[in-house]
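> Questions regarding the structure given below will be posed in turn.
The values are calculated or read from the model by the stated rules, or taken from the named source; none is laboratory data. Because the structure is a prediction, the values reported are computed rather than measured. Cβ coordinates were reconstructed from backbone atoms using ideal geometry, including for glycine residues, and neighbour counts include every protein chain displayed.
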Amino acid sequence: MRAIRQDVGRSNGFVRRNLLKAGVTMQSNSTKQQHPKWVPPKPGDWPRSTR
């Protein structure tokens, strides 16, 4: 999409809308799927000290 946007000199929204109108299937954002939001462990889940 970036290359198309640069070639036509239009915004992401313009390019995306027109690709969808043309029937193009968009790939999901894999970064969000690979890196879910980090949630800190609860105090009871912390490892106990071995000292």
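> Within the group Gly44, Gly23, Gly13, which residue is of a type outside the set (S, T, N, Q), at pLDDT 80 or above and not in a loop (DSSP other than H, G, I, E, B)? Talk me through it step by step, then tell me what you get.
On the way: Gly44 fails: at pLDDT 80 or above; Gly23 fails: not in a loop (DSSP other than H, G, I, E, B).
It is Gly13.
> A further question follows. Filter the stretch 6-30 for residues that are under 21 Å from the mean Cα position of the chain (by Cα) and surrounded by 10 or more Cβ atoms within 10 Å (Cβ to Cβ) and give the result.
Gln6, Ser11, Asn12, Phe14, Val15, Arg16, Arg17, Asn18, Leu19, Leu20, Val24
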